[in-house]
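Novice: After the structure tokens below, expect a handful of questions from me.
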Amino acid sequence: MLVGWAGFAVLPWYGLDRGLFSAWMLGGYPLKASTAPALFLNLQGLKLWLAPMGVLLLLPLALWGRRKSDPLFGPALIAIGAAGLAWLALQGFGIGLRGFQWDWLTALFGELDDRQFGMGWGALLVAGSFLFLLTLGIAARGAIGGDEFVVGSIGFVIAVVAVFIFMPILQMLASALIDQDGNYSLSIFLSKLFSARLWSLDCVTGGSRCGVAWNSLVLAVLVGVLTTLLGLVFALVLTRTGFRYGRVLRALTVLPIITPPFVIGLAIILLFGLSGAVTQTLDSVFGLPASRWVYGLPGLLIAQLLAFTPIAFLVLIGVVEGVSPSMEEASQTLRADRWQTFWNVTLPLMRPGLANAFLLGFIESMADFGNPLVLGGNFDVLSTEIFFAIVGAQYDQAQAAVLAIVLLFFTLGAFWAQRFWLGRKSYTTVSGKGDSGVHPHLPDGLKFGVYAVAGFWTLFTLVVYATIFYGSFVTLWGVDFSLTLSHYVKAFAVGWNEFGIHWRGAAWSSFFTTLQIALVSALPTAAIGLLTAYLLVRQRFAGKNAFEFGTMLSFAIPGTVIGVSYVIAFNVPPIELTGTGIILVVSFIFRNMPVGVRAGVASMSQIDKSLDESSLTLGASSWQSFRTVILPLLRPAILAALVYSFVRAMTAISAIIFLVSARYDMSTSYIVARVENNEYGIAIAYSTVLIAVMLAVIGIMQLVVGTRRIGRRGIDLSQSRTNVSASGPAPAMGAGG
Amino acid sequence: MTRIRSNAASVTFDRVTKKYGAFTAVKEMSLQIEAGKLVTLLGPSGCGKTTTLRMIAGLEMASGGRILIGDTDVTRLPATDRDVSMVFQSYALFPHMTVDENVEYGLRFSGFDKKEVLSRARAGLDLVGLAALGKRLPSELSGGQQQRVAVARALVLEPQVLLFDEPLSNLDAKLRRHVREEIRDLQQSLGLTVVYVTHDQEEALAVSDRIIVMSEGEVAQDGAPRDLYDAPANAFVADFIGEANILDCDVVSVAKDVATVTLGPVNLKLPARGRGEGPAKLAVRPNRLEIHAQGTANTLPGTLAKVTYVGSHLELMVDTERGALFAVTGDVDAELAPGAAVGIGFPPRGPVLING
């Protein structure tokens, strides 16, 4: 009851915050149109279309003093909130469409920020307060037990997902229909969509090149299948052969998390490129002429396999361990031998995991941008085509949008097919109860095969990373193999001058920007992710499936598509962010949100639901329960989500490359630019530093998480074996492609 | 010294329904639980008893009908705002808080000052005899101790209604009997209103003032433990509480609420319980069947199919023309062997007429 009243008392205050907040921030701020809050604009007789919102915000005052069980209370708040949001959206988009001058518009809306902002802080707060009025109203009508916190959170997550995922995608779809002159044209759209450049099958019939779409699809399917197989091999080695050095193998799973994806491509060039180490050795020893074979499908395939196999491994290891040993033991007592058991019981039970691993490999390959850029040669794929459509001489937004649509179609198709395939079947092999028993070992023949493949691949991976490390010290790879520190000096030199430390190296600026942006984005990413996970695991509400689908969708959307759609959507009011650091932060938040969600879902399902229920019956509100019971128990998951979103933000490239600006350049895009200029030395040295930094971050996190105090009983149910949920892909821990 | 008191209030269900999509978990249920009583909801899994309990707690919201605690309508009130606390099957002790912190938890949100919180928590732990273990983590306690902490944590809030969701199911058999007596003693000495959910009929018979037997979301029977055992209303209750033989019989005549019943060669005079003439059903407890020599007057002839010695008594399966009957006899020295012909007698207080 107390909490209810507190929430109630806060209400009208929200209604005033537009005036209060601005006054509080700016003190005696000027009445200039560019910085004045809307209220003062209205008082001066300007921008009168903002006035209805002010009136709407005053209305909740009329409800002051009424109890929330009052039948008028809920519907009134819903009406006010909905009307406010609708008006806000209407004037935001409406004015843009009527074609006012852009700078006049920004002058209209830019309230606090002297950068080119669409809606400013004032508008943001007004939108927020309308949203919470709306959700309070819905809660007061009794939705979800009348819980303001839960309804408010749902509203908040839906709103941000709608604005930052669905709106950009829709705007991108719309812009695909616009031709160069700004008119809508279906025929041009169709001709672009079905152009030979995309869909040609020349290479099958002997021509020189196939359509870009086919290239991407073939590569992605190959990568998906092969990474799944390799991942399975590693998982089997670890869990079914009595292999003793499992910790070493597990360490491999860290690699894709800390490695910017294109770095593998670089290493492949250093090894197999025209002046690569292997190529030159073969040339001198066997007289094999150096060729460009590695540029194209073969090289891309190798690079992506190296980059994404650990991701499949990460997924499959959980799956292979998740198959309950009692199933296999039962099978053996029923007179099946080890082969038959593996083939008839183990493998079928792993089906959802295999599907997840394939999906991950497929999407990562589709979305991969760095490797094709570095290694692609004449083998064009969708993600690089999109980049060149935007960045290249042609600057054709519509072309980029069309390509992005095709890419999105592929990944969403795979996403949907996977859900459909696994749809109704339950593969959970064990309920909550712990399960004793030992996994049987593989039959010998399979065991040696598996050892051979895993050994070769591990060796190869080590060579690749050694190459990167060594390459960073080599003067000019392939020409002058003498060792030097010059690349590091050039990138990371530090000097002293009269102001103190002077960061002279060329890389420092982008390095600090990256650190800063990654740090800033980590907290909201983890917060939104965990909040969403809490809603998904702990609350029941209408449309929850759609809610889950919506929040996981951004995982299936390749970074390149996000990048393009953000460029298109946030280049213009009402939300104008292009060229700011905020757009980078926002893109990271929504790119990495699924990781936070999955981490939260995984650890929250291990916390018995009766814990928060008992907190509720002891008189804590749902917010207090969340804060005092769930959050402390989730501390390791929170830390993990923070670190992963930080690290992923450091290594991402695909979305970022569209969004960086001179002022906010990121490490990865800086490195790619060096590669394009053939400055391999600096690129590799910089990559090595990034990998080292991230290794350190992950290591520190392991140390901290490893020493938690909580007693084992009660929460540490991780021993219980459950199969990977069939409902969605496992966390994509890998770098953002 | 702070003492834990009781603010016992009644609970009223007025045609309460709970639906999950198309599935109806609780159907138009009406019941009244008096203040200061211990009432058990008993039934097989999936009968809606836990759903009913959670609706009292406010963890589930009723889809229809009204719920009152005392005279207050709480139908739409969330758990936080109801003056009800609950002891969970898993105890749900917060693993990251000590015993003291667990017991203080609810008090912290109830607007007590720091001193009051401490003294009430201490009083609660005293009540369950765990005052010495306040600094431990739940994981350092035995199952029985954890259970008592959970009870103390609920009691210190002096709730109007205290709910127990299968509180004994995680304890071993010996401890179970002990703890259920403790719960009953606490309830009676403090005068608490307790709603108790269990699927164990013996536990229900032992602790309750009243038992509500539920089946498929509806009340199957509602009454004192003895009434339920001795006079089950229907075959479901007869079979669920204790074991029962259900037999077809004929009511020949009814006079002054006494029915004359025939069962093959057997004639019985039983309370009619509102039934008229015609075919009916009879429930008899296994220990209320008598084993006589075949041919004894007014007995049902049968053949012993199985004799099982279980220490304190003999369990018998007897094949008769009315089907196989299950009987129990305390005379473990009786010379009974499979294949023997026997006559089954029905003592006057044994059989009960029931609804099909």
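Novice: Pairs, please: C-beta under 9 Å, at least 6 apart or cross-chain, first residue part of a loop (DSSP other than H, G, I, E, B) and in region B:240-254, second surrounded by 19 or more Cβ atoms within 10 Å (Cβ to Cβ) and of a type in the set (S, T, N, Q)?
Specialist: Once the first residue is part of a loop (DSSP other than H, G, I, E, B) and sits in region B:240-254, its partners that are surrounded by 19 or more Cβ atoms within 10 Å (Cβ to Cβ) and of a type in the set (S, T, N, Q) give B:Ile241/B:Gln201; B:Ile241/B:Gln221; B:Gly242/B:Gln201.
Novice: Then there's this: So, A:Asp665, is that one within 14 Å of chain B (Cβ to nearest Cβ) and in contact (Cβ under 8 Å) with a residue 24 or more places away in the chain or not? Please lay out each step first, then the result.
Specialist: Numbers: within 14 Å of chain B (Cβ to nearest Cβ): no; in contact (Cβ under 8 Å) with a residue 24 or more places away in the chain: yes.
No, not satisfied.
Novice: Something else now. Considering every residue within region A:410-418, establish whether at least one is touching an Asp or Glu at 6+ places or on another chain (Cβ under 8 Å), more than 26 Å from A:Val693 (Cα to Cα) and either modelled with pLDDT of 80 or more or surrounded by 12 or more Cβ atoms within 10 Å (Cβ to Cβ) (or both).
Specialist: Within region A:410-418, the subset touching an Asp or Glu at 6+ places or on another chain (Cβ under 8 Å) is none.
For region A:410-418, residues touching an Asp or Glu at 6+ places or on another chain (Cβ under 8 Å), more than 26 Å from A:Val693 (Cα to Cα) and either modelled with pLDDT of 80 or more or surrounded by 12 or more Cβ atoms within 10 Å (Cβ to Cβ) (or both): absent.
Novice: Might you check whether a residue that is outside any helix (DSSP H, G or I), buried (at least 24 other Cβ atoms within 10 Å of the Cβ), at pLDDT 75 or above and within 14 Å of chain B (Cβ to nearest Cβ) occurs anywhere in region A:527-540? Break it down into steps so the answer makes sense when it comes.
Specialist: Pass one, region A:527-540, residues outside any helix (DSSP H, G or I): A:539-540.
Next, only the ones that are buried (at least 24 other Cβ atoms within 10 Å of the Cβ) stay: none.
No, that holds for no residue.
Novice: Is it the case that B:Ser253 is outside the structural domain of B:Leu316 (by TED's automatic domain parsing) and among the hydroxyl-bearing types (Ser, Thr, Tyr)?
Specialist: Values: outside the structural domain of B:Leu316 (by TED's automatic domain parsing): no; among the hydroxyl-bearing types (Ser, Thr, Tyr): yes.
In short, no.
Novice: Within region B:328-350, does at least one residue satisfy the condition of being at pLDDT below 85, within 19 Å of B:Asn234 (Cα to Cα) and small (Gly, Ala, Ser)?
Specialist: Scanning region B:328-350, I find at least one residue that is at pLDDT below 85, within 19 Å of B:Asn234 (Cα to Cα) and small (Gly, Ala, Ser), so the answer is yes.
Novice: Please verify whether B:Thr299 is of a type in the set (Val, Ile, Thr), in contact with a His (Cβ under 9 Å, 6 or more places away or on another chain) and more than 25 Å from B:Gln201 (Cα to Cα), treating the condition exactly as stated.
Specialist: Numbers: of a type in the set (Val, Ile, Thr): yes; in contact with a His (Cβ under 9 Å, 6 or more places away or on another chain): yes; more than 25 Å from B:Gln201 (Cα to Cα): yes.
Spelling it out, B:Thr299 is indeed of a type in the set (Val, Ile, Thr), in contact with a His (Cβ under 9 Å, 6 or more places away or on another chain) and more than 25 Å from B:Gln201 (Cα to Cα).
Novice: With the requirement that a residue be closer than 30 Å to B:Glu203 by Cα and at pLDDT 85 or above, what does region B:249-289 give you?
Specialist: Residues satisfying the conditions are B:Leu270, B:Pro271, B:Lys281, B:Leu282, B:Ala283, B:Val284, B:Arg285, B:Pro286, B:Asn287, B:Arg288, B:Leu289.
Novice: Just one of the numbered conditions (1) more than 14 Å from chain B (Cβ to nearest Cβ); (2) farther than 30 Å from B:Met55 by Cβ; (3) assigned to a helix (DSSP H, G or I) is not true of A:Gly600; which one?
Specialist: Failed condition: (2).
Novice: Somewhere in region A:637-645, is a residue within 14 Å of chain B (Cβ to nearest Cβ) and either in contact with a helix residue (DSSP H, G or I) (Cβ under 6 Å, 6 or more places away or on another chain) or of a type in the set (Val, Ile, Thr) (or both)? First the steps, then the outcome.
Specialist: First, pick out the residues of region A:637-645 that are within 14 Å of chain B (Cβ to nearest Cβ): A:637-638.
From what's left, either in contact with a helix residue (DSSP H, G or I) (Cβ under 6 Å, 6 or more places away or on another chain) or of a type in the set (Val, Ile, Thr) (or both): A:637-638.
Yes: one or more hits.
Novice: Then there's this: Of the residues B:Ile33, B:Ile56, B:Ile69, only one is within 21 Å of B:Val87 (Cβ to Cβ) and touching a helix residue (DSSP H, G or I) at 6+ places or on another chain (Cβ under 8 Å); which? Step through it out loud before you land on a result.
Specialist: Numbers: B:Ile33 fails: touching a helix residue (DSSP H, G or I) at 6+ places or on another chain (Cβ under 8 Å); B:Ile56 fails: touching a helix residue (DSSP H, G or I) at 6+ places or on another chain (Cβ under 8 Å).
Criteria check complete, one pass: B:Ile69.
The values are calculated or read from the model by the stated rules, or taken from the named source; none is laboratory data. Keep in mind that what you see is a predicted model, and the values were worked out from it rather than measured. Neighbour counts are summed over all protein chains in view; Cβ atoms, including those assigned to glycine, are modelled from backbone coordinates with ideal geometry.
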